[in-house]
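Novice: I'd like to ask you about the structure that follows.
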Amino acid sequence: MATVEKASLRRLLGGRHFLKGARRSSLIWATISSVVFCLILLNLFLLLDLLHTNGSIQISPKQADEFDRLLPKFSAILTPDISEDVAETIGLQKLELDESSDEETLSNSRQAQLRLDFDGRGILPSVWWLRNTLWRYPVAAAYDHTPWLRSNMTALVLLILSLVTLGLLFNLLVSRVRGVAAEMGMEVAQKLRRDLHRQVLRLGPADLCEVEQLHAVRLFTEDTEVVRTSIEALAYRYARDIILLILLVIFALSINWLLALECLIPLGACWYLIRQEILRFRESRKLLNASAESTLNLLSESFRNTRLVRAYSMETTEQETFAKNLDRLKSRLLTVNRRERWSRWLCRALIVFCTSIVLLLVCMRVLIDSESLPLAAGLSLLITFIAIHWPLKHLADIPSEKQAATHAAARIYRYLDQIPPVSQAVGAKFLSPLSKALTFESVQYQTEAGQQLLDGLDLTVNAGEAIAIVSLNPLECVAVAYLIPRFIEPTDGRILIDGEDTAWATLESLRAEIAYVGGNDLFFTGSVLENIRSGENSFSHSAVTEAAKQARAHNFILRLPNGYETILGQHGETLEPGESFRLGIARALLRNPALLILAEPKATLDTDTKSRLDDAYTQILQGRTVIFLPTRLSTVRRVDRIVLIHQGKIEAIGTHAELVKNSPIYRHWEYMNFNAFRETKPACENNNEA
C-alpha cells in the first residue's frame with residue numbers, strides 16, 4: 001500500500017519532469033531570495049561593526065602590502081598623508097626616547113612608531129576583518145569603489161538604506177516564490193480536475209445508485225483541494241526553506257567555520273530531540289485519546305440502560321460502576337494533560353540548554369580572542385542561528401503535508417484508473433431508429449458488489465407501445481432502463497432493436513434515438529434556453545419553444561424573470577422537481593427520439609404539476625415508444641402494459657386492473673408506493689423529528 005501511495009505521489013509530481021516550467025522558476029526565485037537574505041545578514045554585520053568600532057582600526061606595516069593588494073585605490077589615495085603622519089610621529093617619539101632605555105623598550109617603541117592608525121574610515125575595520133573569508137573580494141571591491149563607505153556618517157546612511165532595500169526585495173522575492181508555488185499547486189489541481197471530469201463522463205452512466213458520482217464529487221472538491229494546498233506548501237518549503245537553510249549554514253561557516261560547527265552540532269541535536277519528542281507525544285496522545293473515548297462510550301451506556309437498571313434494582317451496582325469508569329476517564333485525561341506539560345517542559349529545557357551552550361561558546365570566543373571574532377561577528381552569528389530556526393520549523397511540517405498529498409492522490413488515481421464498463425466495439429455500425437420491437441433475450445446483470453439484479457430477463461416491447469416497469473427493488477427497474485442506451489452492459493444475454501444487437505451499434509447512433517429523462521436529473525448552470533439545447537446550438541428558438549410546449553414547460557418558463565434567458569443554477573433561479581422534470585422532457589423531445597425512457601421524480605408533486613404532466617403524456621405517447629419508471633398511480637393506469645419484475649425475472653405482465661386482481665406481489669408494490677397509510681410512524685419518532 002505504501003508503495004502504491006509513493007507511486008501516486010511521483011505520478012502527481014510528474015516524475016523526471018518535475019524540474020521543468022514553474023518548478024524550475026520556483027527554485028531560481030527561492031535561490032535569489034535566500035542570497036538576498038544572506039546579504040541582509042552581511043549588511044547587518046557591517047552596520048553592527050561600524051557602531052562598535054566607529055570606523056577605527058590599527059594596521060601594522062608588516063601588513064601594508066596585504067592592505068595595498070586588498071584596497072589598491074584606497075591605498076593610493078592615502079599613501080602620502082600616511083607617510084607624513086608616520087614620519088612626524090616617528091620623529092617626535094625618537095626625541096622622547098631616553099638614551100639609557102634597554103633594547104626591549106626600544107623594540108616596543110619602534111613597533112608603536114610603525115603602527116598605522118585609521119579613524120572614522122567607515123566600514124574599513126569590517127573589510128579588513130573579512131579579508132580571510134569568502135566575503136573578502138565583494139566587500140573590499142565595494143569599499144574600494146564606493147567613497148560613501150569610507151566615512152562613518154555616509155556609511156551609516158548607506159547601510160541603513162541597503163538594509164531597507166534588501167528587506168523589501170526579500171519580501172518581494174518570497175512573495176514571488178509563494179506565487180509560483182501556488183501556480184504549481186493550481187496546475188496540478190487543474191489537471192486532476194480535468195481528468196476527474198473526463199473519467200466521470202466515462203463511468204458516470206454505469207452508476208446505478210449514484211454512489212460513485214458522490215465519491216467523484218468528494219474527490220473533485222475535497223481531495224483535489226487537499227492535493228492543491230499540499231503541493232503548494234511542499235513546493236514553497238522545498239524550494240525556499242531548504243535552499244535558505246543551506247545558505248544560512250554556509251554564511252555561518254564563512255564567519256568562523258570552527259565556531260559555527262561547534263554551535264551547529266548542539267543546535268542540530270536539539271532540533272532532532274525536540275522533533276522526536278513531538279512525534280512521540282503525538283502518538284502517545286492519540287492512544288490515550290482513543291482509550292479515553294472508549295471509556296466515555298462505556299459511560300454513555302448507563303444512559304441507555306436505565307430501564308434495565310430500574311427493572312432489576314441495579315442502582316447501587318450501576319452507580320459504583322459508573323463512578324469507577326468516571327474516575328478512570330479522569331485519570332486518562334489527566335495523564336494526557338500531564339504528558340503534554342512534561343513534553344513542553346522538556347522541549348523548553350532543551351531549547352534553553354542548547355541556547356546557553358551556543359551563547360557561552362560565542363561569548364567566550366569574543367572575550368578571549370576579539371581579533372578572530374569581533375563583537376559584531378559574534379552577534380551576526382547568533383542572529384544567523386536564530387534565522388536557521390525559521391526554515392527548520394517549516395521543514396518539520398513536510399512529512400504531514402506529504403502524507404496528506406499522498407493519501408489524497410492515491411484515492412484520486414484509484415478512481416482514475418478504473419476501466420469504464422461500456423465501450424464501443426471495433427467495427428460497430430450505425431443503428432436505425434426503433435421501428436418494430438425492443439427485445440431482451442435472457443439478459444442477466446450483476447453489480448460490481450455482486451448483487452444479481454437481472455437473472456434471465458426476457459421481454460419484448462413493441463414499437464409505439466407505452467409500458468411501465470415496476471419492481472419491489474427499484475434498482476432492477478433502473479438496470480433495465482440503463483441497459484437500453486448502454487449506460488451499463490449485461491453480464492449475459494442480448495438487447496436487440498429491430499433484431500440488431502445494440503452491442504454492435506455505435507454509441508452515437510444508439511443514444512441519438514434513445515432519450516433517458518431521470519426524475520432526479522439536475523439542470524445545468526446556464527439559461528433555460530441553453531439547458532434545453534444542451535450544447536446543440538443548431539436548434540432554433542422556435543424549435544425549443546415547441547418542445548417546451550409539448551412538455552408543458554412553456555408556461556412556467558415564461559413566468560421566470562427573463563423567460564427563456566433566465567439563468568438557472570448557481571447565483572440563478574432554482575426549479576421545483578416537477579419543473580426540472582418537465583424541462584428534462586423538453587430537452588429530450590427537442591431531439592425527437594424514437595424511444596423515450598421517463599423515470600418520474602420521487603418527490604411529491606403539486607396538483608397543477610400532476611395535471612400538466614398527464615396532459616404532456618397524452619401528447620408524448622402518440623406515435624412514440626415510451627418506457628416509464630413510474631412513481632404516480634395515474635401513470636401506471638395510463639400505460640398499455642405493466643411489466644412486474646421480481647428477483648431479476650418477469651413476474652407478471654398486464655394492465656393495472658389485471659395485476660391488482662391476479663398478482664399479490666403487484667398488490668404489495670402498489671400498497672408500498674401509493675397507500676396513504678404506508679408511511680405512518682410511531683408517535684415518538686414524529687416527536688423526535690419535530
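The values are calculated or read from the model by the stated rules, or taken from the named source; none is laboratory data. Since this is a predicted model, take the numbers as computed values, not measurements. Don't worry about glycine lacking a Cβ; one is built from the backbone with ideal geometry, like all the others, and counts go over all protein chains shown. Side chains included, ligands, DNA and RNA excluded: accessible areas come from the protein's heavy atoms. Shrake-Rupley method; radii C 1.70, N 1.55, O 1.52, S 1.80 Å.
Novice: Expressed as cubic angstrom per residue, what is the convex hull volume of the alpha carbon set of region 387-470?
Specialist: Here the figure is 242 Å³ per residue.
Novice: So what's the angle, to the nearest 10 degrees on a 0 to 90 scale, between helix 315-368 and the longest Cα principal axis of the chain?
Specialist: 30 degrees
Novice: How large is the charge dipole for the chain, taken about the Cα centre, if only the Cβ atoms of Lys, Arg (+1) and Asp, Glu (-1) carry charge, to the nearest 20 debye?
Specialist: The dipole magnitude comes to about 1360 debye.
Novice: Further, regarding this structure: Dividing the alpha-carbon radius of gyration of the chain by 2.2 N^0.38 Å (N being the number of residues), what value is obtained?
Specialist: Details: Rg = 42.1 Å, N = 690, 2.2 N^0.38 = 26.4 Å.
Relative to the 2.2 N^0.38 Å estimate, the chain comes out at 1.60.
Novice: On to the next question. Got a number for the accessible area of Asp606? Probe 1.4 Å, square angstrom, nearest 10.
Specialist: That residue has around 80 Å² of solvent-accessible surface.
Novice: For region 202-288, take the alpha-carbon Rg, divide it by the Kirkwood Rh, and send me Rg/Rh.
Specialist: Checking Rg against Rh, the ratio lands at 1.29.
Novice: Normalised by the empirical 2.2 N^0.38 Å for globular proteins, what value does the Cα Rg of region 513-573 take?
Specialist: 1.10
Novice: Within the accessible area of the chain, what % is carbon and sulfur when the probe is 1.4 Å and the other protein chains stay in place?
Specialist: Taking all protein chains in place, the chain shows 57 percent carbon and sulfur surface.
Novice: With a Cα-only, solvent-free Debye model of region 433-538, what are the log10 I(q)/I(0) values at q = 0.10, 0.17 Å⁻¹?
Specialist: Listed by q, the Debye log ratios stand at -0.34, -0.90.
Novice: Here's a follow-up. Lys/Arg Cβ at +1, Asp/Glu Cβ at -1, dipole of the chain taken about the Cα centre: which of Ala409, Phe118, Val352 is farthest positive-ward?
Specialist: Going by the charge dipole, the pick is Ala409.
Novice: Which whole-number percent gives the relative contact order of the chain, counting Cα pairs below 8 Å spaced six or more residues apart? Could you put the intermediate results ahead of the total?
Specialist: On the way: 861 pairs, mean separation 89.0, N = 690.
RCO, the chain: 13 percent.
Novice: Report the one residue of Leu560, Gly519, Gly493 whose Cα lies farthest in the direction of the positive end of the charge dipole of region 467-586 (charges on C-beta: Lys and Arg +1, Asp and Glu -1; origin at the Cα centre).
Specialist: Leu560
Novice: Which distance in Å, rounded to a whole number, links the C-alpha centroids of region 210-274 and region 494-561?
Specialist: Here the two parts' Cα centres lie 52 Å apart.
Novice: Sort 330-343, 147-160 by packing, meaning the average of other beta carbons within 10 Å per residue, with the highest value first. Walk me through the intermediate numbers first.
Specialist: Working: 330-343: 13.9, 147-160: 17.4.
Per-residue mean Cβ counts within 10 Å order the peptides as 147-160, 330-343.
Novice: Please compute, over every Cα-Cα pair in region 583-634, the percentage with a separation greater than 15 angstrom.
Specialist: On the way: 617 of 1326 pairs.
Considering region 583-634, 47 percent of its Cα-Cα pairs are separated by more than 15 Å.
Novice: Per-residue accessible area for Glu401 at 1.4 Å probe radius, Å² rounded to 10?
Specialist: Probe radius 1.4 Å; accessible area of Glu401 about 50 Å².
Novice: Could you state the angle between the C-alpha long axis of helix 607-620 and the longest principal axis of the C-alpha atoms of the chain, as a value from 0 to 90 degrees rounded to the nearest 10?
Specialist: With both axes taken from Cα atoms, the answer is about 70 degrees.
Novice: Hey, another quick one. Excluding ligands, DNA and RNA, what is the solvent-accessible area per residue of the chain at a probe of 1.4 Å, expressed in Å²?
Specialist: Value returned for the chain: 55 Å² of accessible area per residue.
Novice: Would you mind giving the average projected area, over all directions, of the Cα convex hull of region 346-442 in nm² with one decimal?
Specialist: Numbers: hull surface 66.7 nm².
Seen from a random direction, the Cα hull of region 346-442 projects 16.7 nm² on average.
Novice: Just tell me which aspartates and glutamates come within less than 12 Å, Cα to Cα, of Lys393; anything on the same chain fewer than 8 places away is out.
Specialist: Answer for Lys393, where 12 Å is the Cα cut-off: Asp241, listed by chain and number.
Novice: Show the residues, 5+ positions off or on another chain, whose built amide H is closer than 5 Å to the amide H of Thr460.
Specialist: Sorted by chain and number, the residues that satisfy this are Phe440.
Novice: Kindly give the semi-axes, whole Å and largest first, of the ellipsoid equivalent to region 514-635, taking each as the square root of 5 times a Cα gyration tensor eigenvalue.
Specialist: For region 514-635, the semi-axes come out at 21, 17, 13 Å.
Novice: Below 15 Å, Cα to Cα, which aspartates and glutamates can Lys429 reach? Residues fewer than 8 away in the same chain don't count.
Specialist: The qualifying aspartates and glutamates are Asp498, Glu500, Asp501, Glu508, Glu513.
Novice: Per DSSP helix of 4 or more residues, -39500 (n - 2.57); summed, then divided by the residues of the chain. What does that give at 222 nm, rounded to the nearest 500?
Specialist: -21000 deg cm²/dmol
Novice: To continue, here is another question. Does anyone have the angle between helix 103-113 and the longest principal axis of the chain? Alpha-carbon axes, 0 to 90°, nearest 10?
Specialist: Taking Cα atoms only, the helix is inclined about 50 degrees.
Novice: Return the percentage of antiparallel bridges among DSSP beta bridges fully within the chain, rounded to the nearest 5 %.
Specialist: 55 percent
Novice: If you take the charge dipole of the chain about its Cα centre, with +1 on Lys and Arg Cβ and -1 on Asp and Glu Cβ, which of Ala466, Leu234, Asn537 is farthest toward its positive end?
Specialist: It is Ala466.
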